[in-house]
Each structure stands twice: as structure tokens, then as C-alpha cells.
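In what follows, a structure is listed as C-alpha cells, so that the remarks can point back to it.
The values are calculated or read from the model by the stated rules, or taken from the named source; none is laboratory data. Note that this is a predicted model, so its numbers are computed, not measured. For neighbour counting, all protein chains shown are included, and Cβ atoms are generated from backbone atoms with ideal geometry for every residue, glycine included. Accessible surface areas use protein heavy atoms only, side chains included; no ligands, DNA or RNA. Shrake-Rupley method; radii C 1.70, N 1.55, O 1.52, S 1.80 Å.
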Amino acid sequence: MRAHHLNRRRFIQLTGWGLGAAALSPALLSACGGGASESTGGLLIGTPDTPIRLPLNRDPIADGLAPESGTFRVYNYADYVNPDVVEAFESQYGVSLEISTYTTEEEAITKLRSGAIEADLMIGMTDASMALLMAAQLVQPLNRSYLSNFANIISGLQDPYYDLGSQYTVPHVIYADGIGYRTDRDVDTTVFAGREGWSALWDSRYRGRAGILDSYRDSLCMSMFRNGLTDVNTSDRAVVEAAGSDLADLVQAVNPQIDILSYQEIPAGNRDIALCWSGDMLAGQGFLPEGADPSVLGFWYPPETITANDFFCVLTRATKPVLAHCFINFLLDVDNALLNQTYVGYQPALEAVTSDLLIERNGVPESLLSALVTPDRYRSGRRLVNLVPEVDEMWIDVWSEFTAG
Amino acid sequence: MSGQSSPPADRRIFWPGLALPGSLWLAIFFVVPAYTIACVAFGQVDPIFRDAVPVWNPLQWQFSDASEVLGSVVGGPLRSVFLRTSFYVIAAVALSLIIGYPIAYYLARQEGVRRTILLALMVIPFWVSFLMRLLAWVNLLEPEGLASRFLRLFGIDQQWLNGNHLTVILGLVYGYLPFLILPLYASLERLDWRLIEAARDLGASSSQAFRRITLPLSRAGIAAGTVLIALPMFGDYYTNDLLSRSPRTEMIGNQIDFFVNASSQKQKGATLVLVLALFLALVMSWYLIRLARVRREAS
């Protein structure tokens, strides 16, 4: 998927939650079991170090209900589900599926809170928004009896740190930050090893043919990784400012474009190298000129990078919660997930969707095998977690100074 | 006491009453939004959802964020953005005048069907969405685009879309040119051409007639067209977004877009909107004073 990724990342900036603010009520605290939780500003935030089991805000729907009829409403990013998948679901359940779209997670939550949007199922939110979804009581607990394909999910993601036990969410796709490049251009791939690989973007030979993400945390973190720093949620102003300064050097060296369009620009041949998300290059196959060899696309990411996933959730005000469960289950089916991948590009978070399968079934070129995020590599990646407001503002200030030129 | 009797009461109500719809329109769609922006700029932020919380009572406004933004505009990173934006707008307006004035002049000298056809030909391309036209530019100017490849044949190998100041200025000119030409044309079309003939009869060269007759009499049109394009150019962000996407060409509109749409600091975006509005109000005041002076001179 493309544009929404920026927004996903953008949303992470919204995750400052009141430093050392009011402690949770004892009742709520007692409801949180299984691992430590961090309470800030009355929000329940899980981190990889302090995973969280969220309290149930209501009972899940009962077992054995028949799927509803009529129009089933999905709230999703634009172009983030394959129309063929939609058609197959509609045909199987005899319903019509209506998609409303959002561009940022912040926008989505605002509209859902205000009631401007009513939907049954939401696709594309990330762990960074989990606490807000809970605080606004926008999501309802899932009934696993409708999710017979749940076991297909990558085992490490069946119990995610932001929602232990997957009580409210089901992982959808996974991806990693890395460098997308053209294999048919003069790109020095020998540097792609360890953190040194990030320096490729500072190589002036790519001047005018490079890009970085228009996402302050991803781009600043890339700069930090290059310098051997791995605390992607740091509150150290000096570290973030140094990263911003490095990015300014990057502008001097290669004058990159700052956007989220590498999934188009690299396939089109307008860009040789760029910081992008792994899914961008997988999706990029669809943007190659007709007849072009997909092996011109390459992707590299080191162990020290950002990995992430987004998820499905059923909304509290869903009028068709059974269908919502059915749709999640439908997309947890390997065949349907593969069909969806051919359109959205991003890698389904399913154990069976291996490199071999993607090559065999979806024609992913071998040059893009490195864009596939294995469960091990997903686990080893760094996670962008919520920042407290002051820290988040500091990151934004540094980015704003950088973009101001 | 004057000898005139005062107008009947119904007429005293009727004529001012005609201004009521316009006044209401302005109140609803200008005054209220402007006040709301101020309430956001000087308001608070929801501690949980990070939404801007407007504070409607001016007595409760807080100015800490606003003063921070103002400090940045005066002596911080935003100063260069403001200066760059001003430079782009001045350059784009100047270029628009150089291109647009002869076109408007030529159109005004035509008559009948020919004039109508030429006017239509000028306007028709602008029926296509600005966004689509800019995207066409992107396709043409990207490294593998038709225009870039063609120019390379002549040894012109430019990175048009990577923070190129010229591209952004040309994009602004391209987008706003018709809005300069039309008021200029309206101004020139009303010009009494007999004055120019008289000047020529009295020995003035064509350039002297232009400088001393045509240009002064079209000043109101120039001022109107200039203001009409300069105001939106100052707030423009998509031209730079589409044609550059580089910090080297960041405009003030891009910073507003970032703060409002891509950060949790909407109040800073609102403050920037106010700062820009204040700046533009000064430009507008200049325009109004200038217009009044031109009218005085004309009468």
C-alpha cells in the first residue's frame, strides 16, 4: 500500500500521552493482567518491553450467529483491498460491501468519535493508535469462534504487545523500513551490509535521483541507524537534532525528494534509490512500464531497522459485527490474502505466505525476496511506540526545521 | 436644515437591505472561520486525543505557541521560508505580468468574433483541473519525461523536479496566469484608444504612447491582477508539493499543511495562518490605497 503509510507513520506522532499524568483508576489497573502496562494520561499503552492485556470494554458477540445481510461497511485506506477480494466476499455472503476511506489514523479516529463515519470494520490502524481506539471506546472485543483462520497468522503476531491475546485486533500486513533501489542502475549494492548500508543514501552519485520518506520518525530514525543509534523512541534532543543535521547533509549531498511515492518513482525509473517501506517495492511491480522486467526492483534492510504491522478491528457501533468477523476471517485465508497481495503489494501477516509461495503464486521476483519480512526479522526490528507530547513535539520541531530548508 | 426631504422609510431599509445577503455570507464564511482559527491558534490541545481545542473566550487565550511561531518567523527557521515564499511570489507575479500583459493587450485590441474566439482559446485549457495540469508537468519534467529527454538533446540536463526554484516559480506562473490576464484584459478593454491615437498624432512614438498613456491607465488592472494572484500564491502549497517536494523550495503553505495535517501541533499551523493573513492584509491595504490614488488621479 502506498500513501497511507505516510499517514500511518504520521499518526505515530500523535502518540504523546501526558507525561507521568494521572494514574489509571484502580479498577482499570486491576483489569490489566499479563504483563506490565504503562499508563500515561489515562491511556493504556503497550510497548515491546511492557506488553499489555487490554481490559474488555464489553462482551464479544455471541457464538454461532448468522452473518447479517445488506450493506457491509468497511473503513479503510484508499486502494487497500483488492476489488477482486471484495467481489468474492460479496458473492460468498450475498452482501454488498461499501468502503469509506481515510487518509490518516488521526482523521479516522476524529471522524469515528464524532459519528461522521459509521462502519462495521476498520482496516489499516497500527499499534500506535490502539490506546486511542480504546480510550474512545471505538473498538469491540472479537469473538475468536468466527476466526477459524486465526492460526494462519504469524505465530509471533498472534499475541502482539499492544493487545495481548489479540482481544481487539487481528494483524493484517507487515513491513520494514529499508532502501529501495534499481538493480539496473549504477547503485553500489556492496555497501548494503549492516548500518553502513544506510550511508548509500548520502552518496552524491545519486544526486537528483534519490528520495526519503515524508515521515519524520522514519527518516530521522534512518539517520540515527546510520550512526549506530537504535533507540528509535529517544527523548534525547541532541540525538534527534544530530539526526536532523545529518538529513540536512543528505539534502546537500543528493538533494532527495521527500515523499511517499517511491513505489511509483523507482519503477518509473525517476529514482535510483530511496528510503521506503518494503511493501512499496512489492507494490512497485504494478507500476513498472509495460513489459519491464520486475527484477529491476531491489530492496535492502538491515537487522537494525523499523518493522511494523497494521491490523483489523471491529468497531463498537458496528451494525454487522458478524460480517465484520467473517471478512477478517476471509482475509486470513491464505488464497484470499495472496489475491489481496497482488493488488496492495504489502505482505500478509500469515505464516504460510513464504517467499517461495509469493514467488510461485504472485510472481514476486527474486530480486525482491529481500523485501519480504520473515517472522524472525520482524521480531528483531525496532518498533516506533508512543511518545509523550513534549518528546513528540521535539521530534516534530526538528523535522519542521529540516523541511524548512 | 437642507431643503431636501429625507427618503421614505421603506427606501431607507430597502437599499441597505440588499447588502444583507452579502454581509451574512461574509459573516458566516469569513468572520466565523477566521475567529475559529484564532481560537485554535490561541486555544488548547486535548491531552489524550491531541485534537486542537478552540478557546472561544479571548480572555482565556494563551499565546505561548503563537509567540514561539512568531519568534521562528522573525528570527528562526521559518524566516527563510517566509523570505523564500516572498521571493517566489514576487518572481512569479513579475513573470506573469511580463507574459500576461501582452496577451491581455492583444486580446483587448481585437474585436467581435475574433476576440471571443481568442478569449475562449485562452480560457479553455484552464477548464482542466489545476491538479491534472500540474501532474502533466510532472510527467513531462521527470528525469525520464518527454520534456527532459528532449532538452537533453540540446545539452540541457536539469533536475527539474528536485528542489529547483525555477520549476516552482514557473509552476506558480502557469497556475495563476489566467487570473492576472482576465482583470488586465477587462481594464485594457475599457481603455479609450483615441487617447493613444492623439498621443501618436502629437508626435509620441509607440513606446512613448505605451509608457505614458496605456500603462498608467491600466494600472488599476495591473494592481487588481497582481493582488488576485499574489494572495493565493502566498498560501499555495500543492505547486511545491507536486513539482519539488524538497526542503530547498519549502513554502509557507507547506509548513501550514505540515502542522495542520501531519503533526499534532495544529495550533502552530493556525498561528501561521494568522501570521500569513496579517501579512496579506498589509499587502491588501497597500492595494486599496493604491487603487484609491489611481482613481483620484483618473478623476
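Quick notes on this one:
- Sulfur and carbon atoms: percent of accessible area, segment A:185-298 [1.4 Å]: 44 percent
- Once you reduce segment B:272-299 and segment B:33-98 to the center of their Cα atoms, the two points are 21 Å from each other.
- Axial C-alpha extent at least 18 Å, average Kyte-Doolittle at least -0.5 - helices from chain B (DSSP): B:77-109, B:165-189, B:219-235, B:266-298
- Residues of segment B:31-59 that bury at least 10 Å² of accessible area when the other protein chains are present, relative to the chain alone (probe 1.4 Å, heavy atoms, ligands and nucleic acids excluded): B:Pro47, B:Ile48, B:Phe49, B:Arg50, B:Asp51.
- Local electrostatic count at A:Asn149 - Lys and Arg +1, Asp and Glu -1, tallied over other residues with Cβ under 14 Å: -2
- Overall form of segment B:65-298 per C-alpha gyration tensor (a/c, 1.5; a/b vs b/c): oblate
- Counting protein heavy atoms only, segment B:1-62 has 72 percent of its accessible area on carbon and sulfur, 1.4 angstrom probe.
- Of the listed residues A:Glu360, A:Glu98, the order by accessible area with a 1.4 Å probe, largest first, is A:Glu360, A:Glu98.
- Anisotropy class of segment A:193-322 from Cα gyration tensor, a/c 1.5 cut: oblate
- For chain A, share of DSSP beta bridges that run antiparallel, in % to the nearest 5: 65 percent
- Carbon plus sulfur fraction of accessible area for segment B:65-298, probe 1.4 Å, in percent: 67 percent
- Residues in chain B average 56 Å² of solvent-accessible surface per residue, probe 1.4 Å, ligands and nucleic acids excluded.
- Calculated mean residue ellipticity at 222 nm for the protein assembly as shown: -15000 deg cm²/dmol, from DSSP H runs with n ≥ 4 weighted as -39500 (n - 2.57), summed, divided by the residue count and rounded to 500.
- Rounded to the nearest 20, the size of the Cβ-charge dipole of chain A about its Cα centre is 480 debye, with Lys and Arg at +1 and Asp and Glu at -1.
- The A-B contact accounts for roughly 3100 square angstrom of buried accessible surface, both chains included, probe 1.4 angstrom.
- Prolate/oblate/rounded call for the protein assembly as shown, Cα gyration tensor, a/c under 1.5 rounded: prolate
- Counted by Cβ distance under 11 Å from A:Gly269, the other residues give a net charge of -1, where Lys and Arg count +1 and Asp and Glu count -1.
- Annotation: A:Tyr80 carries an accessible surface of approximately 0 Å², with a 1.4 Å probe and no ligand, DNA or RNA atoms counted.
- Antiparallel beta bridges, as assigned by DSSP with both residues in the protein assembly as shown, represent about 65 percent of the total such bridges.
- Per residue value of the accessible surface for segment A:282-405 (all protein chains in place, 1.4 Å probe), Å²: 34 Å²
- Buried on assembly, segment B:125-168 (at least 40 Å² less accessible surface than by itself, 1.4 Å probe): B:Pro143, B:Glu144, B:Gln159, B:Asn162
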